[in-house]
Amino acid sequence: MNESTDAAVAAWREALGQQNVVTSAESLDRASTATFPTNASVVAILRPDNHAEVQSSLRIANRFELPVYPTSRGCNWGLGSSVPTRDAVLLDLSRMNRIVDFDPRLGFLVVEPGVTFQQASEFLRDQKSTFFLPVPGGPPQGSLIGNIAERGEAAGPYGQRADFVANFQAVLPNGDCIHTGFGRFPNASATHLHRHGVGPNLEGLFTQSNLGVITQLTVWLTPYPQVLKPFMARIGRREELNQAVDTARELLLHRVVETNGIGLWNSHKMASTMGGYPWQAMDGQTPVDIERFPSEPWLIGGAIYAASGEIADANAAFLQHRLKPLTSDWQWGDSDDSQNVYLGVPTEHNIRAAYWRKKGGLPPSINPDRDRCGLIWMCFAIPLVGQDLVDVVNAVDPVVLGHGFEPNVGINCVNGRCAHLYLSIIYDREIAGEDERAVACHDKVMTLLRELGHFPYRLTLLSMDSLPPPGDDHDRYLRSIKRAFDPKSILAPGRYDAIQD
Ligand SMILES: Cc1cc2nc3c(=O)[nH]c(=O)nc-3n(C[C@H](O)[C@H](O)[C@H](O)COP(=O)(O)OP(=O)(O)OC[C@H]3O[C@@H](n4cnc5c(N)ncnc54)[C@H](O)[C@@H]3O)c2cc1C
């Protein structure tokens, strides 16, 4: 820390209280650790308790010209965890964990940044809510707002979380505050119910950006279906994968299945969530030779949500008629399962994948940063067209295997037109050379897919500067907005930033 950091820390301590400005080396080191190598460090941690304290924190940051990086829970595992894009003071919003409002009739929650999926799910259960909150495959202790700020996704209807929100309360880099939609009118009846309000909708400025700190927002909940019918089946060959994707498109476009209602996983991804690496069977060699563990290469799964038994039966019959011929081992799941991820029950099941290559197995409490798990996500938007997705899989598989890792691939049908393909590289950071190899693999895959015209829909710290220059005035426009409200670039410099001049 230099002199100006010391003076700023003194000012923040006065504003937030001594104990809410953390500078211990151990805490800073923890906050500066992700699941892959990073360059930036956390130089202090601020822990505001409320909106006004966030405003003062940013005003002080401006006064001392020190960059600040917000996190809600800091569990952005595989994408950067709580590590900032450049050296910065971490604005840790986890103390702001109040559920501010719940409307049981219209089905929405108003939350602060520290509210976790686990907390919201338990709250709704205690309220005997007829609505639930879709949960991501990520950590139960992740926050709604952090996930929305990243435009993360969950299983089932309303799973594209950032599409089912309203009334962002955002603190601008200079400490000013705005509300999106109708929220700027204190007595507007539709504040929580209408995203766009009247006039330009500013909401998009606050996700995947560095233009404001979200201190509160409204999250729309999914009504519990009268009938839920989860399904799962196996897909044997690439031709069938191709046809299954085209069939999924038809099912989504005709609303037999809801958005985010169908996903596909390859067998590597499935294996990584089921248990650790088969070290013995593989004689200690990596990557795994999937041919030696006969299993069908792909799984397709999802759920039908319906308002009545008749609708569920009709949709299920149609879905089965269209998909079953392309699959084997067709199963309808148990809709009463209390652990049902399709009904918003958070689970650590998928997070176990982060430990796939760790020889020590799973610890009692999961924390991939602490345990030096290696994990890098790559997330791409691809047309929901069978041949396009098969071409991508054919292109990335040999690259990832060639670098010594398994291509863990999942495909989420986010609407009837586009898929999200997410690929993870999982490794052990304790093994010398693995970090470097994983980063080289990441860089190669990013370049390869960009050359094929497929762009990422979400970035990691490793890919934050990887986008090519635009073919229009996009970056000039974005830079003008940033400069107008953040002339000293104090809020999360480098986070989804327009490329600098
Ligand atoms: C095995 C595994 C599976 C996963 N599955 C999923 C999945 O299914 N879906 C998914 O979306 N993710 C998934 N993740 C990724 C990640 O863990 C989650 O997205 C998680 O919910 C993010 O946690 P968080 O709330 O702590 O985010 P944070 O780290 O708090 O926030 C993420 C980023 O958003 C920005 N931000 C946070 N809060 C604010 C704010 N208040 N104002 C402005 N900007 C802010 C920050 O720049 C921050 O870096 C997975 C990770 C792993 C390891």
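The values are calculated or read from the model by the stated rules, or taken from the named source; none is laboratory data. All values derive from a computational prediction rather than experimental measurement. Here the Cβ positions follow ideal geometry from the backbone for every residue, glycine too, while neighbour counts run over all protein chains shown. Note: areas computed on protein heavy atoms with side chains; ligands, DNA, RNA excluded. Shrake-Rupley method; radii C 1.70, N 1.55, O 1.52, S 1.80 Å.
Each residue in region 171-189 was checked for being under 19 Å from VAL111 (Cβ atoms) and open to solvent by 20 Å² or more (accessible area, probe 1.4 Å), and 4 pass. Against the condition away from the ligand (no atom under 14 Å from the Cβ), closer than 30 Å to ALA303 by Cα and open to solvent by 10 Å² or more (accessible area, probe 1.4 Å), how does HIS454 come out, does it pass? Against the criterion (away from the ligand (no atom under 14 Å from the Cβ), closer than 30 Å to ALA303 by Cα and open to solvent by 10 Å² or more (accessible area, probe 1.4 Å)), HIS454 qualifies. Pairs meeting the criteria (first residue in region 251-265 and in the same structural domain as ARG417 (by TED's automatic domain parsing) and in contact (Cβ under 8 Å) with a residue 60 or more places away in the chain, second residue among the hydrophobic types (A, V, I, L, M, F, W, C) and part of a loop (DSSP other than H, G, I, E, B), beta carbons under 8 Å, at least 6 apart or on different chains) are LEU251/VAL257; LEU252/LEU384; THR259/VAL414; ASN260/ALA154; ASN260/ALA155; ASN260/VAL414; GLY263/ALA155. Being free of Cβ contacts under 8 Å to residues at least 40 places away in the same chain, in a loop (DSSP other than H, G, I, E, B), within 12 Å of the ligand (Cβ to nearest atom) and surrounded by fewer than 22 Cβ atoms within 10 Å (Cβ to Cβ) is a condition met by at least one residue of region 125-138. Of the set (1) away from the ligand (no atom under 13 Å from the Cβ); (2) modelled with pLDDT of 95 or more, all apply to PHE36 but (1). When restricted to residues that are more than 8 Å from the ligand (Cβ to nearest atom) and assigned to a helix (DSSP H, G or I), region 112-124 contains 7. Search region 465-483 for residues being among the small types (Gly, Ala, Ser) and either in contact (Cβ under 8 Å) with a residue 60 or more places away in the chain or surrounded by 11 or more Cβ atoms within 10 Å (Cβ to Cβ) (or both), and hand back the single one that is nearest to LEU205 (Cα to Cα). So, considering only residues that are among the small types (Gly, Ala, Ser) and either in contact (Cβ under 8 Å) with a residue 60 or more places away in the chain or surrounded by 11 or more Cβ atoms within 10 Å (Cβ to Cβ) (or both), the one nearest to LEU205 (Cα to Cα) is SER480. Can you tell me which residue among ALA31, ALA52, ALA25, ALA61 is free of Cβ contacts under 8 Å to residues at least 12 places away in the same chain and either in contact with a Ser or Thr (Cβ under 8 Å, 6 or more places away or on another chain) or closer than 24 Å to ILE214 by Cβ (or both)? One residue alone meets the criteria, ALA52. When you check LEU79 against the structure, is it aliphatic (A, V, I, L, M), buried (at least 22 other Cβ atoms within 10 Å of the Cβ) and either under 27 Å from HIS192 (Cα atoms) or away from the ligand (no atom under 15 Å from the Cβ) (or both), yes or no? Spelling it out, it is not the case that LEU79 is aliphatic (A, V, I, L, M), buried (at least 22 other Cβ atoms within 10 Å of the Cβ) and either under 27 Å from HIS192 (Cα atoms) or away from the ligand (no atom under 15 Å from the Cβ) (or both). Of the residues examined, VAL414 is not one that is open to solvent by 10 Å² or more (accessible area, probe 1.4 Å) and farther than 25 Å from ALA244 by Cα.
Near the ligand (Cβ under 8 Å from one of its atoms) and of a type outside the set (D, E, K, R) - does that describe any residue in region 160-181? Taking every residue of region 160-181 in turn, at least one turns out to be near the ligand (Cβ under 8 Å from one of its atoms) and of a type outside the set (D, E, K, R).
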